[in-house]
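The block underneath contains the structure these notes are about, expressed in structure tokens.
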């Protein structure tokens, strides 16, 4: 079985995480074929059609789309070529994905550390993520206050156990420790 990242063109941005081929499961959802298995009909039109179908449900990163198509059994080179064409046409846009995803996750009360981790899992680099997650401390503190109040109410923590519980919750949500300490007045 070929490693999926071994077939990437040299000009591609390097969004596919490097690692052992065991990082991809042997079988995927919906009866996906084993990676590297013979494609049913390996045409660019079929790959494009499947990619567009995936893109109509939500924005995808190039890596996510590549991985899903590769797991369906399409050749890596053909998938990469189709994705490049979709990106050139503006149908596949990681910038659009980043803007929408970051806005949605912030609105749901998740912090920058958790959002960054989720975006890394989608194959996006820090260089692409940084402009979208450049939050001012004041905005981050306001978001933490809203999330904390939604979970624990507006009353201040009255003991160490409650403070620790609130701090763990905010840490789980992806907020930096130094801002959690400020928000809970632990400094």
Per the filter on region 124-145, residues in a helix (DSSP H, G or I), within 14 Å of the chain's Cα centre (by Cα) and under 15 Å from residue 107 (Cα atoms) are 132
Scanning region 61-87 for residues that are assigned to a loop (DSSP other than H, G, I, E, B) and without any contact (Cβ under 8 Å) to a residue 60 or more places away in the chain, the one surrounded by the most Cβ atoms within 10 Å (Cβ to Cβ) turns out to be 74
For region 165-173, indicate whether the set of residues that are modelled with pLDDT of 95 or more, at positive phi, in a loop (DSSP other than H, G, I, E, B) and not assigned by TED's automatic domain parsing to the domain that holds residue 52 is non-empty.
no
Restrict the check to region 150-157 and report whether at least one residue is closer than 30 Å to residue 60 by Cα, surrounded by 15 or more Cβ atoms within 10 Å (Cβ to Cβ) and not assigned by TED's automatic domain parsing to the domain that holds residue 60. no
Of the residues in region 158-176 that are within 16 Å of residue 109 (Cα to Cα) and exposed (fewer than 14 other Cβ atoms within 10 Å of the Cβ), the one that is farthest from the chain's Cα centre (by Cα) is 168
Check your understanding: Just wondering, is there one or more residues in region 33-40 that are modelled with pLDDT of 50 or more, over 20 Å from residue 118 (Cα atoms) and within 19 Å of the chain's Cα centre (by Cα)?
Key -> no
Only one of (1) assigned to a helix (DSSP H, G or I); (2) over 30 Å from residue 167 (Cα atoms); (3) at pLDDT 95 or above does not apply to residue 91, and that is (1)
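The values are calculated or read from the model by the stated rules, or taken from the named source; none is laboratory data. It should be emphasised that the depicted structure is a prediction, and the values quoted were computed from it without experimental measurement. Don't worry about glycine lacking a Cβ; one is built from the backbone with ideal geometry, like all the others, and counts go over all protein chains shown.
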